[in-house]
Amino acid sequence: MTVRQMDWDFSKRGQEDVARHQKKIKDSIRENIADVISEESIISRKKGQTVKIPIRGIKSYQFIYGKRKGGGEGGGGYGLGHGKKDKGDVIGRRPAPNGEGDGPGKGGKPADAAGEDYMETEVDIEELIQMMMDDLQLPDLRKKEIAETVVPSGWSFEDVEKHGLKPNLDKKRSFKNAIKRAADSVSKLAEKTGKPMDVCQKALNKFKGDYQKALELLQTENPEAELEEQEDKLKPFIQHGDLRYRVPKENTESHSNAVILAMMDVSGSMSTTKKYLARSFFFWMVEFLKHKYRNVEIRFIAHTSEAKLVDEDEFFHKGESGGTICASAYDLACQLIDTDYPPAKWNIYAFHFSDGEDWDPAKTMLSVKRLMEKAPNMVGYGEIRTEVAYGQQLMRNFEESFSLERYTSYRDSDFEYYLAQRAELPLAGVILKNKGHVYPALKVFFSKEKRV
Amino acid sequence: MSDSREKGDITRLVRADNHIQKIVGEYGLDCFPQEFDVIPAQKMLEIMSYNLPVNYSHWSFGRDYEKQRTQYEYSGGIPYEVVLNSNPSRAFLMKTNPYPIQVLVMAHVYGHNDFMKNNIYFGRTRRDMLTSASESAGRLRKYEEQYGIDEVERLIDAAQAIQMHIEADLFQESAIQPESAEPKRRPQKMGTPFADLFDFDGQLTSKSFEEKRDEARKLKKKIPAEPDPDMMGFIMKHSPRDFEEWELDVLSVIRDQSIYFMPQRKTKVMNEGWASFWHMRLMSRLFQDGFLTPEEHGYYNLYNARVLASNPFGLNPYLLGVKTFLNIEKRYNAGQFGPDWERSESPDKWKTDLNVGKGMEKIFEVRRTHMDWFFLDEFMNHEVVEESELYIFGSKQQGNVEEFTVEETNWSTIKDLIVRSFAHSGVPLIKVTDGDYGGKRELYLRHFYDGLTLEEEYARQTLRHVFSLWDRPVHLETVEVEGNSETRIQLTYDGKGFSKINLGTYVKE
């Protein structure tokens, strides 16, 4: 027979090699984590813990021909195709792979025809966080150990003692003890003397609760005669042993709260791209802190020359006209801490993004100092310079006022950051020039906190 | 229930197969015995990504397998066919395909079978690759256990990077020596020419130092004597790196498979064209002979149209191949050939119809003697280009949109581009020109530039792989084009980084 049915054992090889390939993809994500985490699809995901991100496929390298330059400006590749067409006919369009536009994350779509070898890969956000934690070497965050703060919450008297100060005398409890002792004594007397309970009670009452004297009387010939006038109601006579004193105790409460005070200049000069960098940064900041605290809140402080509390959408998407006074944001942050986020109960993370413009930097520095006095966990300032920087740079003022030291990243010399020379000062500054800088900025911010 | 239905299906396929065999003989196709295995879709996808039913493990196969699977899930039952170059010929039918598609695939397979048996480029290939590959898969698995997956993977990565740079004379006996059935013996090493100045206990031999030095100088010139296109073979033989036995075995396995598939790479368009040409004939016959109902025939037509569909963004080898064969058949039937006809300047020559009936004879001859490069060069004419509706497109960026437009429909420009891209099976011609570059046993590769430049990032990454096999600095001479100027450059990787030397710029008028 030349045609036969072959029910092959499903060899595992295919699946095994799929897993090998998947592992390579994971490694590649790890290596390119800075680019991956700033993908727009992550922060704009609808819901759920997984996101699809375009990553460059793992290639099999060989000597191959390059793409020939096509005609015209920005010419890409060329190719052969079939179809009834004339010269100049448009056969297809797709979003440009490297848009010149200002928007982040444009293009990068998986290529069909002649384009780059990108593939969409599903990644778990949690997995990305783990990769970052590993890289950041933040074991305290990684283990998801919840950081708790213990604060006193007043006094309570849950325990009692036989000795104590008069003001702490527990009258009710002492009285109860006396009643109990009286009842016990009556029972005992009745048992010992064989007299009825009411007679015993009368005897006890006659001697104001003195058990010994009552017993002696009851053991005489005719005690009833002597006890006629006595009441047979149980009367507590408080003795020294009945007294109970309250023990005063100081109470505490545990909190695991963090608040992010997100501040940003929303004046006209902050373009969509610039705001996107801030958005990406805050997204991961929240995700990180969720690993450390049970309760993480974020408050959005948008400022021009004045600051106000806004919601997330307004913060990232609405621009406003007006000047730029950064101090206003820091002042509002201080105010919020005073009213809503007492540092005793809240871990405070304040971060401010601007493009460096400030009409009154001296005033801003004073406000920053005031904020630093509120005992925040970390304060950060991010200056976004997506264009060649000209004009004012608020970072300079930070540098001078807080004696910050300037560093450049080992991995990406284009990335600059500033750290307080005084190790215990929880202040860091970063300069973000592109999407790739979001990750190192996070790294600086959280590493600094670790060292404080 | 499904069991008996499956049996019924098989019985029907066997009947169709018997009939196809009969008419295949009548048409004069000359085939190896043909075997069909009906297999589940998953296995089919696996064979397609591993190239063979059983092959060694590597992440790249996993990547391809996943790609195939996704494509399969989205496409909804493309009539996949896999036929292996072996004797007897083995082909696979996907269990889930409906009857008319199975018959279509069977008919198509007989075309491939005949082609692979008779085309001279297949004359010397190993027909026992299936057994050999499954044995070597077992050995490589053992190496993984012994030396670690990563170690084996690095070697396979490097070997695959240069696997296209082989040269086996397909007409010579040596090309078919079963090489990987047994672990390889170490080939003669280049060694140092001074090694035999000393015998084993270190005594000077009779040759004088001067004699040896002259010999060494001569030898140096000779490695390789001529630029050697067989980069992989050269590295295996002459690498200063001390390959272990198992490493040489891995390299041989990959090299042998590459040699095995070389004829298929050289004849993709012809092979698919020939098989499509025949499945069309055979399917018409089967319909006439009552092996297909009109509905089934309609179903076949639908799928046939998909196989030969115009791809707006790529060359369809089935379409181009079948159009070329049909054109040859037509011309040779009508007498549109011969020196006089060739020389004629009259446009009417394309209307010649002498009814000489030489079409069949000619296409059988061509399927024997040609490979794609020569096939297209010789037989792709304006009629073929027009009937295949071929064009060249380019892409332009318009704001945020990349736009693809038709840039060329002129048949001879198109033919030029196609023929050029089929030269050397589409692999850039790179030869080893020096195995002792600078007298330091460095490897010098030269790209024989023919108008198409190399993709630089790929060249760099491939050079790293070459370095891992050679263990000393490797150099690649190639050409970069910027506007009208062509610059010859030497790209070097020394294990730490790359350097680039400008060897001279030539500006075109």
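None of the figures in this text is laboratory data; all of them are computed from the coordinates on show. What you see is a predicted model; the values in this text were computed from it and never measured. Virtual Cβ from ideal backbone geometry, glycine too; neighbours counted across all protein chains shown.
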Given Cα pairs under 8 Å that are at least 6 residues apart, what percent is the relative contact order of region B:317-423?
25 percent
Within region B:317-423, how many Lys pairs that are eight or more residues apart, or on different chains, come under 21 Å at the alpha-carbon?
14
State, as an integer percentage, the relative contact order of region A:156-248 based on alpha-carbon contacts under 8 Å between residues 6 or more apart.
54 percent
Calculated SAXS-style log₁₀ I(q)/I(0) at q = 0.04 Å⁻¹ - the protein assembly as shown, Debye, Cα scatterers
-0.36
Could you give each residue of region A:316-321 its phi-based ³J(HN,Hα) in whole Hz, using Karplus coefficients 6.51, -1.76, 1.60 with θ = phi - 60°, and x for Gly or Pro?
8, 10, 10, x, 9, 8
Is region B:8-81 rounded, prolate or oblate when judged by the Cα gyration tensor, a ≥ b ≥ c being the square roots of its eigenvalues, rounded requiring a/c under 1.5 and prolate requiring a/b larger than b/c?
prolate
What number does chain B give for Rg over Rh if you use C-alpha atoms and the Kirkwood radius?
1.01
Near A:ALA428, within a Cβ-to-Cβ distance under 9 Å, what is the net charge of the other residues, with Lys and Arg +1 and Asp and Glu -1?
0
Sorted peptide list for A:223-230, B:259-266, A:359-366, criterion being average Cβ within 10 angstrom, highest first
B:259-266, A:359-366, A:223-230
Take the Cα atoms of region A:156-248, build their convex hull, and give its volume per residue in Å³.
91 Å³
Debye intensity ratio I(q)/I(0), log10, region B:1-156, q values 0.09, 0.21 Å⁻¹ (C-alpha model):
-0.37, -1.34
Can you give the mean number of other chain Cβ atoms that lie within 10 Å of the Cβ atoms in peptide B:453-460?
4
Note on chain B: contact order normalised by length, alpha-carbon pairs under 8 Å, 6 or more apart, percent, works out to 13 percent
Can you pull the mean other chain C-beta count within 10 Å for peptide B:306-312?
3
Restricted to Cα positions, what overall size does region B:124-164 have along the principal axes? Three whole-Å values, descending.
34, 23, 8
On average, how many beta carbons from a partner chain sit within 10 Å of the beta carbon of a residue in B:407-420?
2
Starting from the Kirkwood Rh over alpha-carbon pairs, what translational D in µm² s⁻¹ does region B:317-423 have by Stokes-Einstein at 10 °C and 1.306 mPa s?
103 µm²/s
Stokes-Einstein D for region B:447-509 (10 °C, 1.306 mPa s, Kirkwood Rh from Cα pairs), in µm²/s, comes to 129 µm²/s
